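Comments concern the structure below.
The values are calculated or read from the model by the stated rules, or taken from the named source; none is laboratory data. Computed from a predicted structure; not experimentally measured. With ideal geometry, Cβ positions are generated from the backbone for all residues, glycine too; neighbour counts draw on all protein chains shown.
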Amino acid sequence: MAARLVAGHWEGDHIKGPTNENINGLVREYLPKGLDLAPISQGYLNAIARQLNNRPRKCLNFETPAEVFAREIMNFQPIAFYTTHPAFPA
């Protein structure tokens, strides 16, 4: 599956559809719809993210998002960037 990391989330087909709706439901367990988020601390939001990222998912063959992300980062191969632009001399 081709995906790329963009501004804090994976961009690809797997963030659309039922899986995304399932995650929205999980978030709503912690943060009900209509809740004023202003008084909620960043630490509490981080704790929610940590719990959700360490919860096994059927769509990930019962691995956690944290496990899959760590594996993908370990296997990441940077793409060489070549240019002949004058601002980037060879």
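Odds and ends about this structure:
- The residues of the stretch 27-43 that are in a helix (DSSP H, G or I) and either of a type outside the set (Val, Ile, Thr) or in contact with a Gly (Cβ under 7 Å, 6 or more places away or on another chain) (or both), listed by number, are ARG28, GLU29, TYR30, GLN42, GLY43.
- Considering residues of the stretch 58-75 that are surrounded by fewer than 10 Cβ atoms within 10 Å (Cβ to Cβ) and not in a loop (DSSP other than H, G, I, E, B) only, the residue nearest to the chain's Cα centre (by Cα): ILE73
- Looking across ASN24, ASN20, ASN46, one residue alone is within 15 Å of the chain's Cα centre (by Cα), at pLDDT below 85, in a helix (DSSP H, G or I) and not hydrophobic (A, V, I, L, M, F, W, C). It is ASN20.
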